[in-house]
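See structure below.
The values are calculated or read from the model by the stated rules, or taken from the named source; none is laboratory data. This structure is a prediction, so every number in the text was calculated from the model and none was measured. Methodologically, a virtual Cβ is constructed for each residue, glycine included, from the backbone with ideal geometry; neighbour enumeration extends over all protein chains shown. Note: areas computed on protein heavy atoms with side chains; ligands, DNA, RNA excluded. Shrake-Rupley method; radii C 1.70, N 1.55, O 1.52, S 1.80 Å.
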Amino acid sequence: ARCAGRARGSATHGTRDAGRALSGMRVVLVLALVRLANGGQGTTYIVEFPEAKAQGLEVVRKARDVGLSGAPQGTVSVRRNLDHVLSGFVGDLSDEAVQYFKKMGAKVTADGEVHMYAGAATQAWREGHGEDSVSKAATLPWGLDRIDQANLPLNGIYSSPNEGVGAHIYMMDTGINLQHNEFIGRIADGYDFVDSDEEPFDCNGHGTHTAGIAAGTRYGVAKKATLHPLRVLNCLGGGTYSNVIAALDWVVDHPASGPKVASLSLGGPTFTALDDAVAATVAAGITVVVASGNDGRDACSFSPGRVPDAITVGATTIQDKAAEYSNAGSCVDILAPGTSILSASTGHSDASIVDTGTSMAAPHVTGVAALILAEYGEGTTPAETWSVIQSLSVTGRIADDATNPGRNVPNRLLQTFKARLPLPPPAPPSPPSPPSTPPSPPAPPPSPPPPPSPPASVLRIVIQPDDFPAETSWKLFARSGSTYKEIDGAQLADGDGLSTWDVNLQAGDYRFTIYDTYSDGICCDFGSGFYRGELNGVTSPRVFEGTTFEELVQHDFNVDDGIIQPPPPLSPPKPPASPPSPPPPPLPPADTLRISITPDDYPLDISWTLETAALGSLVGENWAEIASGALTDPNDKSTTSWTYNLQSGLYRFTINDAAGDGLCCAYGSGVVVLSLNLVRVFTRSSFGSSAQYVFDPATAFSPRSPPPVASAPPPTEALPSPPFPPPENGRNETNATDTAAGIVGQIERILELDQDTLAIAFGGAALLVFTCLVICCYAVARRAPALTFTPTDRETMAPDDVSLDSEDDGSGDEKRAVRVRHKRGEDVSWDSESELSDDDSDF
């Protein structure tokens, strides 16, 4: 939905489609339109029978039939059956039906929304950088030119040996302009999952553009591959996870006469059911290429970009720079041209347009995969296809983005297929024995085997979420020196129930954190959730466990050969033996503060400051600014981050909004997040003109070392007390100054609450007291007769279904009236109204 505004236009290569120029629309309106365009799928669920899938297709179908036949009458409306990538169906379910299928052991997941990965990126790039005149004037799209050569400058040449003849490309997008000259004679059967028909015509343009990059006659990589249009996104570029899953199921079942590759230039928040469907498609022997996303963040936070079995693609620019909008990180496999790419469009049979996004980068890889599959044949596995793509690529060519570092991870650039390369060979057979003559010398005694690695302990993480699973996530960190590094984690999705994860751990120190985005934990306001950690199947004692918390809770623990230990303190380095002169005391280890701000619709209103308190000063006195920042791009709605290393001390962070409306929710949904050593310590969305957070890195979510326990000395004569030794790590944790600073910091957090919030609270209380007094005085003055209500029909009506109102008819006399309302589910309507005189007491 955030990419629905396409604002596309081209004076040279096409016409502007005013009906689809939706830039600037509020996110709330776009979401409503997307839902409306998809038939209002507010009660759509994906129902799976995982145990039946392992036993084959017939068992899956039987389990589905048995489940549907026993469902309460009128509570289920099946939209599509799922036989291959998942085992079950997609349908509209009532609450009663949801509980019915869960009780019979099915996995029930509420549907969600996906969107295309272009449009908004195109608009932001053009507003910030201007139109790319090179791309619009060139007869050959620069993306094709770039993947044909290892280094710049571009030479205006692109060639491929087989042009993808015999390969089948499945484009899951907004459909294709079926009359476009780019695809004459090469569009095979497809399906429209939005309108449920066999005419996947493109009413947006995004699908035609991506298909042109993958397989267009002029603009494409594999110019003679066969295209199968699968429309899963509507005219606004939005769709549902269930339609994408159904399209993957269609691909696996489709009887193509050649190798297959699927292309998905779409995505959304993490969604386990879609991830599982993509993994099942790859397991069926089909190469899947996905876009990493346009949020300028970690691709591992989005589906399907986080699926390890898929080929996840980030975007680059014509200057060999990483695109600032491109998601990156360990889940991205390769980079490809994605900024200002010329390709086909809608409007007429020769329309074209320049577009930007990881949506444009992914089909470059799809086209190269089609060339490889056409060369090696139908039996080529997805792993072998990726191995060839990886061998063809070049590394170290892409410069990082200065405004959003880390976008060139990995630094691997796509190159097109030129000539047949050997596939990874099978394991070689054992070498033959040497000839009998001359005789072999006696074999030397075998070397002793290397000592085995210590066995890994298995940590089982168990989480039962509350009624809102998508709010819950967890991370696991391993201690490395004086800091913790993330090694694993997961985000729960809507519909997830009791979930478990197994993580192999070697001996060492670890930290587990569980986080709730709504700050109400997983128990007990909206369900009874819990979490726990068990090592090597031992349920008592557990490594950690809990139920209630607010935003975040963490547990530190140590694993030593499968035994749970408390985390030991960090040992100081041993002093060198007899140094000529003592070295200066080391500085305490620095804590890493990361400030991340996602703005609302008005980024220029946002600024921040970071201050430190002078040594020995009281709270609120002698604050000195050490850093500040502001958002400077009015069109950049992505997350901007700053990182600083902090020593021990008292700090104050202030976030300011010049308009006085905070980051949420009048004009978009923004948020500010402060993290210390990768752990969130402060999050705020709604505030007035400013919000503050005072903290000391030494006490905010840092691993605390227990004080050393000294052994009792033997009784001796009383000796003068020696001076206290300096703290081992530069922080005296029992020092009275630190204790006072901690107490004062807590007092300041209370005193520095948002003043607008306090004013509203006290004003509201005063207004409530005044209103109650007025009502009481009025009741005593009128002393109207009591009203009794007697239903005359056979329906039972609750007392709160009757309302007693009074109104002034203009003459100064108030009249009483009775209104009866009838509840139909959650809808309430007034069925009747009758005026009463002062003497009436019965109705």
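Scanning the range 247-285 for residues that are part of a loop (DSSP other than H, G, I, E, B), open to solvent by 10 Å² or more (accessible area, probe 1.4 Å) and either of a type in the set (A, V, I, L, M) or closer than 29 Å to Ala374 by Cβ (or both) yields His254, Pro255, Ala256, Ser257, Pro259, Ala284, Gly285. In the range 286-344, which residues are surrounded by fewer than 24 Cβ atoms within 10 Å (Cβ to Cβ), of a type in the set (A, V, I, L, M, F, W, C) and within 13 Å of the chain's Cα centre (by Cα)? Passing the criteria: Cys300, Val307, Cys331. Annotation note: Cβ proximity below 6 Å between a residue of the range 49-68 that is farther than 17 Å from Val108 by Cβ and a residue that is open to solvent by less than 90 Å² (accessible area, probe 1.4 Å) and not in a helix (DSSP H, G or I) (sequence gap 6+ or interchain) occurs for Leu57/Asp83. Restricting the range 603-629 to residues that are part of a loop (DSSP other than H, G, I, E, B) and of a type in the set (A, V, I, L, M, F, W, C), the residue that is modelled with the highest pLDDT is Ala614. Among the residues of the range 674-700, those identified as of a type in the set (A, V, I, L, M, F, W, C), at pLDDT 80 or above and either farther than 19 Å from Arg511 by Cα or surrounded by fewer than 18 Cβ atoms within 10 Å (Cβ to Cβ) (or both) are Phe687, Ala691, Val694, Phe695.
Residue by residue, here is whether (1) touching a strand residue (DSSP E or B) at 6+ places or on another chain (Cβ under 6 Å); (2) at pLDDT 80 or above; (3) in a loop (DSSP other than H, G, I, E, B) holds:
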position	(1), (2), (3)
Ser447	no, no, yes
Pro452	no, no, yes
Asp467	yes, yes, yes
Ser473	yes, yes, no
Phe477	yes, yes, no
Gly489	yes, yes, no
Ala493	no, yes, yes
Arg532	yes, yes, no
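Scanning the range 535-558 for residues that are part of a strand (DSSP E or B), open to solvent by 20 Å² or more (accessible area, probe 1.4 Å) and in contact (Cβ under 8 Å) with a residue 60 or more places away in the chain gives Leu552, Gln554, Asp556.
All conditions but one from (1) surrounded by 12 or more Cβ atoms within 10 Å (Cβ to Cβ); (2) part of a loop (DSSP other than H, G, I, E, B); (3) modelled with pLDDT of 80 or more apply to Thr592; the one that does not is (2). In the range 481-533, the qualifying residues are those that are buried (at least 20 other Cβ atoms within 10 Å of the Cβ) and more than 25 Å from Val671 (Cβ to Cβ), and the one that is farthest from the chain's Cα centre (by Cα) is Asp509. Among the residues of the range 637-665, the ones that are assigned to a loop (DSSP other than H, G, I, E, B), out of contact with any strand residue (DSSP E or B) (no Cβ under 7 Å at 6 or more places or on another chain) and within 28 Å of Asn327 (Cβ to Cβ) come to 3 in all.
For the range 193-207, a residue qualifies if it is in contact with an Asp or Glu (Cβ under 8 Å, 6 or more places away or on another chain) and either open to solvent by 10 Å² or more (accessible area, probe 1.4 Å) or outside any loop (DSSP other than H, G, I, E, B) (or both), and the qualifying residues are Glu198, Glu199, Phe201, His206, Gly207.
Conditions (1) of a type in the set (Ser, Thr, Tyr); (2) closer than 16 Å to Ile169 by Cα, marked per residue:
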site: Gly338; (1), (2): no, no
site: Leu342; (1), (2): no, no
site: Asp350; (1), (2): no, no
site: Leu371; (1), (2): no, yes
site: Tyr376; (1), (2): yes, yes
site: Thr381; (1), (2): yes, yes
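Would you confirm whether or not the range 90-113 contains a residue that is under 29 Å from Asp467 (Cβ atoms), among the polar types (S, T, N, Q), touching a Lys or Arg at 6+ places or on another chain (Cβ under 9 Å) and modelled with pLDDT of 50 or more? No, that holds for no residue. In the range 288-308, the residues that are free of Cβ contacts under 8 Å to residues at least 60 places away in the same chain and aromatic (Phe, Trp, Tyr) form Cβ pairs under 9 Å with partners that are open to solvent by 10 Å² or more (accessible area, probe 1.4 Å) and in a strand (DSSP E or B), at six or more places apart or across chains, as follows: Phe302/Pro269. Looking across the range 666-677, just one residue is assigned to a loop (DSSP other than H, G, I, E, B) and closer than 26 Å to Thr483 by Cβ, and that is Asn677.
The set of residues in the range 497-514 being more than 13 Å from Pro469 (Cβ to Cβ) and not aliphatic (A, V, I, L, M) consists of Thr500, Trp501, Asp502, Asn504, Gln506, Gly508, Asp509, Tyr510, Arg511, Phe512, Thr513. When Pro634 is tested against (1) open to solvent by less than 70 Å² (accessible area, probe 1.4 Å); (2) at pLDDT 85 or above; (3) in a strand (DSSP E or B), only condition (3) is not met. Tell me yes or no: at least one residue of the range 654-671 is open to solvent by 50 Å² or more (accessible area, probe 1.4 Å) and under 22 Å from Thr513 (Cβ atoms). The answer is no, given that none of the residues of the range 654-671 is open to solvent by 50 Å² or more (accessible area, probe 1.4 Å) and under 22 Å from Thr513 (Cβ atoms).
Table: residues versus (1) open to solvent by 40 Å² or more (accessible area, probe 1.4 Å); (2) under 23 Å from Thr339 (Cβ atoms); (3) at pLDDT below 95.
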| position | (1), (2), (3) |
| --- | --- |
| Ile157 | yes, yes, yes |
| Ser160 | no, yes, yes |
| His168 | no, no, no |
| Thr174 | no, yes, no |
| Gln179 | yes, no, yes |
| Tyr191 | yes, no, no |
| His209 | no, yes, no |
| Ala225 | no, no, no |
| Pro229 | no, no, no |
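The numbered conditions (1) modelled with pLDDT of 90 or more; (2) in a loop (DSSP other than H, G, I, E, B); (3) in contact with a helix residue (DSSP H, G or I) (Cβ under 9 Å, 6 or more places away or on another chain) are all true for Glu384 except (2).
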